[in-house]
Amino acid sequence: MNDYYLVKKTDKLEGTVQVSGAKNSVLKLMAAAILIPGVTQLSNVPDIADVRLMQQVLESLGVKVSWPEAGTVRIDATTLSSHKAPYELVAHMRASTAVLGPLVARVGLASVALPGGCAIGSRKVDMHIAGLESLGASCRIEHGYIEVEAPEDGLKASDVTLEFPSVGATENLILAAVGAQGTTVVSNVAREPEISDLIDFLITAGVSIEGRGTTKLLIEGAATNKLQGGFTHKVVGDRVEAGTFLAAGALVGGPVTVTGFEAEHLSIVLKKFREAGALTEVLDNGVRIERSGPLKAVSIQTLPFPGFPTDMQAQFMALMSVAQGASVITENVFENRFMFADEIARMGADIRIEGHHALVNGVPELSGAPTVAPDLRGGASLVLAGLVARGETRVAGLQHIDRGYENFEQKLRSLGAQIERVA
Ligand code: UD1
């Protein structure tokens, strides 16, 4: 696909935009539905490429997935016909590994292709595997697949401490522990809002979980055939999509109001926007941002929630590239997540990368250039940079942006952005 965005310098960005449900939540909720031998529905579902891919992963397992209306996905996992997630699908989306835990909990077996190298770092699965093994599963890598098998008498609860609060490993362990006998205690878990959303979904299905939102979870195992479907769960609003539009507002000036998410899920990002010179107002269901004074340089470092999200690092760098002064952006969560920086540099930004630090010297203005999105958030960052760059910016590589943003250019255009998609 050779589509690209043509972005022109935009002098005014103003209005209200509503975000969709969170990509990083819905993918795991779809995987969690595998646990439930019945029908569940998800609402507030973004129609993005990753969701369509997860639909295919579920269908490859024999789960029936349909869209009764826009934004609603119906998942019927009454019967499963396979425990194998094929390479052709997993290779395109690392989040497919989320089916490991629920498959082994429900049918005692899982065979999931090892995700390939990823543009933003090697992204290992060692903690996912260690977590499943702690519940008694045997795991081996064979022919490029992670093969997991529960003992004959089933998974057993255990006390586990994660080495690092990995989002994916926390989720896989929660989902596997649902099928274990006894109460699993997991410490040093990730606390991202999407994990709380997953816990809410499981509690509605009849699982007993304590510690939501804290670093320690107690998950009571349940026979999966006792779990109840027949409910609709609304996917939590996408804080990263919200943060992207708020960054656009801070960059161009606003006022921009972003609704459909919870401000507390972006606390530290809002604090950094304010330090950079923006005014933010927390509303019932979102945030309003505007800026009239100059943009000031602010340093950030990415950390697990509630720290500054790695998924907002690239967008923040777009802001810093035209701020007054020098900032240091430190990426602690992923290796190799600065690839987009070379592209913004081609637009005139002054960025020097040293290991996992980016030293950004703000310049008065960027100049439009042809660019290629190297990954999802890096691509969004290039679009933001294009809004304040003199002339025209082309952003190619839209397959990355399509993975995670629903109607991105339409939403930006509704705020007055000069952006069009060219086929
Ligand atoms: C999820 C999000 C991603 C976000 C990230 C961190 C989804 C679909 N993706 O990714 O958007 O940027 O959380 O908030 O929800 N690691 C290991 N071994 C493991 C697992 C992870 O070394 O077994 C490392 C990774 O390589 C990475 C770090 O831990 O450097 C964080 O990864 P993790 O929190 O697991 O992120 P994901 O779940 O992959």
At 7 Å along the Cα-to-beta-carbon direction for both residue 413 and residue 234, put a label point, then send me their distance in nm to one decimal. 2.9 nm
Please calculate the 1.4 Å probe accessible area of residue 142, with all protein chains present, and give it to the nearest 10 Å². 70 Å²
Please report the carbon-and-sulfur percent of the accessible area for the range 1-72; probe 1.4 Å, protein heavy atoms only, DNA, RNA and ligands left out. 43 percent
P(r) weight above 13 Å for the range 202-245, C-alpha pairs, percent: 67 percent
Distance from the range 208-231 to the range 342-380 (C-alpha centre basis), Å: 43 Å
Any idea what the relative contact order of the range 15-68 is, in percent, if you count C-alpha pairs under 8 Å spaced at least 6 apart? 40 percent
Links exceeding 18 Å between C-alpha atoms in this model, out of 28/64; 23/272; 84/226; 23/234; 8/296; 12/411, come to 23/272; 84/226; 8/296
Values of log10 I(q)/I(0), in the order q = 0.18, 0.20, 0.21, 0.24 Å⁻¹, for the range 235-349 under a Debye, Cα-only, solvent-free model: -0.89, -1.09, -1.19, -1.47
Can I get the semi-axes of the range 341-386's equivalent ellipsoid? Compute them from the C-alpha gyration tensor as square roots of 5 times the eigenvalues, in angstrom, largest first. 16, 14, 8
In the range 202-297, if every C-alpha pair distance is counted and binned at 5 Å from zero, what percent goes to each bin? 3, 12, 19, 14, 12, 10, 9, 8, 7, 4, 2, 0
Between residue 147 and residue 81, what length in nm is gained on full extension when 0.36 nm per residue of separation is reduced by their alpha carbon distance? 22.1 nm
Quick one: if the Förster radius is 25 Å, what FRET efficiency do residue 365 and residue 6 give, using the C-beta to C-beta distance and rounding to 0.05? 0.85
Please tell me the relative contact order of the range 259-327 in percent, rounded to the nearest whole number, where contacts are Cα pairs under 8 Å and at least six residues apart. 30 percent
Taking a probe of 1.4 angstrom, what is the accessible area of residue 4 in Å², to the nearest 10? 50 Å²
On a 1.4 Å probe surface of the protein chains, which of 350, 50 comes out largest in accessible area, and what is the full order? 350, 50
Around residue 20, which amide H atoms from residues at least 5 apart in sequence, or from another chain, sit under 5 Å from its own amide H, with H modelled in the peptide plane? 238
Translational diffusion of the range 281-329, µm² s⁻¹ [Kirkwood Rh, Cα pairs; Stokes-Einstein; 25 °C; 0.890 mPa s]: 199 µm²/s
Rotationally averaged projected area of the chain (alpha carbon convex hull; nm²): 18.4 nm²
Hey, can you grab everything whose amide H is under 5 Å from the amide H of residue 371? Only 5+ residues off in sequence or another chain; H modelled, so Pro and N-termini drop out. 394, 395, 396
Here the range 303-308 yields Karplus 3J(HN,Hα) values (6.51, -1.76, 1.60; θ = phi - 60°; whole Hz; Gly and Pro given as x) of 8, x, 4, x, x, 5
Can you work out the Karplus-derived ³J(HN,Hα) for every residue in the range 288-293? Use 6.51 cos²θ - 1.76 cosθ + 1.60 with θ = phi - 60°, whole Hz, and x for glycine or proline. 10, 10, 7, 8, 10, x
Along the range 391-402, what does the Karplus equation 6.51 cos²θ - 1.76 cosθ + 1.60 (θ = phi - 60°) give for ³J(HN,Hα), rounded to whole Hz, x for Gly and Pro? x, 10, 10, 9, 10, 9, x, 5, 4, 6, 5, 5
Rank-order 227-235, 331-339 by packing density, defined as the average count of other C-beta atoms within 10 Å over each peptide's residues, highest first. 331-339, 227-235
Restricting to Cα pairs under 8 Å and 6 or more apart, the percent relative contact order of the chain works out to 21 percent
Just the number, please: Stokes-Einstein D of the range 111-259 in µm²/s, Kirkwood Rh from C-alpha pairs, 10 °C, 1.306 mPa s. 92 µm²/s
Rounded to one decimal in nm, the spacing of the 7 Å Cα→Cβ label points at residue 326 and residue 43 is 5.3 nm
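The values are calculated or read from the model by the stated rules, or taken from the named source; none is laboratory data. Treat the numbers as computed from the prediction; the structure is a model and nothing was measured. Methodologically, a virtual Cβ is constructed for each residue, glycine included, from the backbone with ideal geometry; neighbour enumeration extends over all protein chains shown. Protein only, heavy atoms only, side chains kept; ligands, DNA and RNA dropped before computing areas. Shrake-Rupley method; radii C 1.70, N 1.55, O 1.52, S 1.80 Å.
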